[in-house]
Every structure is written in structure tokens, then in C-alpha cells.
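Below: the structure, in C-alpha cells.
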Amino acid sequence: MALVAFTAAELPGTMGRASRITWAAMPVNDTGSPVPNASYSDRSVQVTGTFGGSTVTIQGSNDGGTTWATLNDSAGVALTFTSAGLREILQVTGLIRPIVTGGSGTPNIILLIIGKQ
């Protein structure tokens, strides 16, 4: 499993209070580099691209990245995607990352984080 780097961009006009984090065309069985997440009050994730039977799971960690758990949306449903979608992230964790498993896809994962203190 390789660690896929992300790109980060501040959203225009937000004065540093919102960022877009992107892991583009993530290969199967790879993990996205973790993003520090705790200073943001609102988070959403959008997944697009080619899935080819792959599953994208959004995970969080509060112990510096030793232990990871699947995060949930605001309805308490696990943040796993087998097709394109956009969902809010319920938990605030110290780190957040995507992981792609199974199939043959190369999905794109976009994390929007807002409300930096």
C-alpha cells in the first residue's frame, strides 16, 4: 500500500478559514496522506471518478495516526463510497485520510474543511 500525497488550496475569499484538500486518481489499495483536521469546525467529503468496483473509506485518528476508525456522516452512516457522492463528516478528529480498497478504480477524493480557528 502506497501513501498518496494530497494537494491543498485555500478557498478564495475565505481569508484562510476554508481549505480544499484533494487526493487525485487514488490507486486501489492505497491510502491518502493524513491531513490535520482538528482546527476546522465543518468538514465534507466528495468522491468522484472511476470506481471500477472500488470502495473509498474516510477514516479518522486521534492518536497521531496509529489507530484509524471509519468516520460517519451526520446521519450516523459510515463514510464509505462505492459510487460518486458528497457527504458531511460528523466527527472532528486530529487526522483524516481516505483509503481505497478492492476493484480497479482510481477515484478522486476532495475534502472541504471550513472554520479554521
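Kindly provide the set of residues from the range 9-43 that are assigned to a strand (DSSP E or B) and in contact (Cβ under 8 Å) with a residue 24 or more places away in the chain, ordered by number.
Within the range 9-43, ALA18, SER19, ARG20, ILE21, THR22, TRP23, THR31, GLY32, VAL35, PRO36, ASP42, ARG43 meet the criteria.
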message: Being over 18 Å from TYR40 (Cβ atoms) and in contact (Cβ under 8 Å) with a residue 40 or more places away in the chain is the filter here; which residues of the range 60-87 pass it?
response: none
statement: Those residues of the range 29-44 that are within 13 Å of ARG97 (Cβ to Cβ) and either of a type in the set (Ser, Thr, Tyr) or surrounded by 15 or more Cβ atoms within 10 Å (Cβ to Cβ) (or both) come to a total of 8
query: Which one is surrounded by the fewest Cβ atoms within 10 Å (Cβ to Cβ) among residues in the range 66-94 that are closer than 14 Å to VAL35 by Cβ and modelled with pLDDT of 95 or more?
result: TRP68
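The values are calculated or read from the model by the stated rules, or taken from the named source; none is laboratory data. As the structure is a computational prediction, the values presented were derived from the model and not from experiment. We place every Cβ from the backbone using ideal geometry, glycine too, and count neighbours over all the protein chains shown.
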